[in-house]
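Below is one structure, written out as structure tokens; comments come after it.
The values are calculated or read from the model by the stated rules, or taken from the named source; none is laboratory data. Computed from a predicted structure; not experimentally measured. Cβ placement follows ideal geometry from the backbone for every residue including glycine, while neighbour counts extend to all protein chains displayed.
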């Protein structure tokens, strides 16, 4: 099995992602050096926190450029949570221009039902919209763990591989080419989450 | 649609699992890592560890427990008990906890909530509230009062006011623990849970008093809780995690049923 790097940009608990990789037999290393991201066989781009500070930190480390380079080389790359959100063009959070790997915006949940809490926190069903190698084995009723106050709105529907619903449907797994990303946390989603990481570990970056 | 969560709380003293009745008479009931793994495999949605270790020189034992659990249990893990500053919170996060529970120290020094929220993100800061029922007065208009030190010290602070203040300071979630109901197995304090859940826009976890599956149902419906926390019900083997989830699911509560 191949090796992966987990991009360290001061955003969230990377070690839980690392532990989940270890559990499925994916040899992973947390790296802060952009050169190691460019030369990696696989990249995992996680994140918890705010879009504004995350983008600042990425740029300060030259990590934004490294990610672009890795993706241009065809490196299979997995974004998680904030890692997904900053792959779009723009985030309402801190009014932030983001990486633009996938066209579209990230919006804050503005819900009519006062009983629905923000952040959207907990387990929710992930519904397949379009097959993808990383989502292989997903079954109706499978739930993943979410924690987020903002959600992605990709410009093109063909980037959306799965949806979830919180008052309204929203994209929770998006991708293009060798880039794939989830709004939920596979590393905290029990067996179904570990299966997703295991699929990513075997993915050749095509779909 | 978001599922309701079933959360198990494990009190840990000197690295061993303990269960208190009304916060006194704790006794060892097993290995926390083993129990955590057992519940995870049986479909538990989230785990909470509460460190009730009395002596501060034994605190590092807890970090080991968290580390071992995080290696084997891939669901959200929340840890509390004795978190006094950001560095306590960061140590626990590094050991593998997603969320950090703050309790007594936050009542004494409310800035702890905002400091932790700044350092680890609002969504990872859980404000745990120990609450007792009192006669409503001008100072305590909700008729519920905050208590600290494991329920021994009343603070003269209104519980509803404190819940709103906690949300304002940046807590991402609230644990509403009734010390009157804790350990009695007679059911949660649903009036209290509902009052707080209706007042805030962050998730509320009902705690204290669960003894039967219908108590969970009541907390999640009548009590309007987003999650129900159980302890002795599952620790002593009276109910299995999967059994409680099936019961709630069969009664129409949205639960995660495949794992």
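What to note about this one:
- Any hit, the range A:174-185, residues being closer than 18 Å to residue A:23 by Cα and in contact (Cβ under 8 Å) with a residue 12 or more places away in the chain: yes
- Filter pass, residue B:77 being surrounded by 23 or more Cβ atoms within 10 Å (Cβ to Cβ) and either at pLDDT 95 or above or out of contact with any helix residue (DSSP H, G or I) (no Cβ under 8 Å at 6 or more places or on another chain) (or both): yes
- Near pairs, Cβ below 8 angstrom, 6+ apart or cross-chain, from the range B:29-42 (surrounded by fewer than 21 Cβ atoms within 10 Å (Cβ to Cβ)) to any residue that is in a loop (DSSP other than H, G, I, E, B): B:29/B:236; B:37/B:73; B:42/B:240
- Here residue A:195 fulfils each of the conditions (1) part of a helix (DSSP H, G or I); (2) within 9 Å of chain B (Cβ to nearest Cβ) apart from (2).
- Scanning the range A:136-169 for residues that are more than 8 Å from every other protein chain (Cβ to nearest Cβ), touching a helix residue (DSSP H, G or I) at 6+ places or on another chain (Cβ under 7 Å) and either surrounded by 15 or more Cβ atoms within 10 Å (Cβ to Cβ) or part of a helix (DSSP H, G or I) (or both) yields A:144, A:150, A:152, A:161, A:162.
- If you check A:84, A:88, A:99 for being assigned to a loop (DSSP other than H, G, I, E, B) and surrounded by 24 or more Cβ atoms within 10 Å (Cβ to Cβ), only one passes: A:88.
- Which listed residue is at pLDDT below 95 and farther than 13 Å from residue A:182 by Cα, from A:116, A:82: A:116
- Qualifying positions in the range A:102-133 - away from chain B (no Cβ under 14 Å) and part of a loop (DSSP other than H, G, I, E, B): A:102, A:103, A:129, A:130, A:131, A:132
- Condition met for residue B:211 (within 19 Å of residue B:44 (Cα to Cα) and surrounded by fewer than 24 Cβ atoms within 10 Å (Cβ to Cβ)): yes
- Residue under evaluation residue B:64, criteria (1) within 14 Å of chain A (Cβ to nearest Cβ); (2) closer than 28 Å to residue A:21 by Cβ, criterion not met: (1)
- Residue satisfying condition, being in contact with a strand residue (DSSP E or B) (Cβ under 7 Å, 6 or more places away or on another chain) and either within 12 Å of chain B (Cβ to nearest Cβ) or without any contact (Cβ under 8 Å) to a residue 24 or more places away in the chain (or both), within set A:5, A:37, A:17, A:48: A:17
- Within the range B:210-229, considering residues that are more than 14 Å from chain A (Cβ to nearest Cβ) and touching a helix residue (DSSP H, G or I) at 6+ places or on another chain (Cβ under 7 Å), the one farthest from residue A:118 (Cα to Cα): B:211
- Qualifying residue in the range B:190-209 (condition: within 20 Å of residue B:81 (Cα to Cα), in contact (Cβ under 8 Å) with a residue 40 or more places away in the chain, touching a strand residue (DSSP E or B) at 6+ places or on another chain (Cβ under 8 Å) and away from chain A (no Cβ under 14 Å)): yes
- Top-ranked residue in the range A:16-37 [being surrounded by 19 or more Cβ atoms within 10 Å (Cβ to Cβ) and part of a helix (DSSP H, G or I); ranked as farthest from the chain's Cα centre (by Cα)]: A:34
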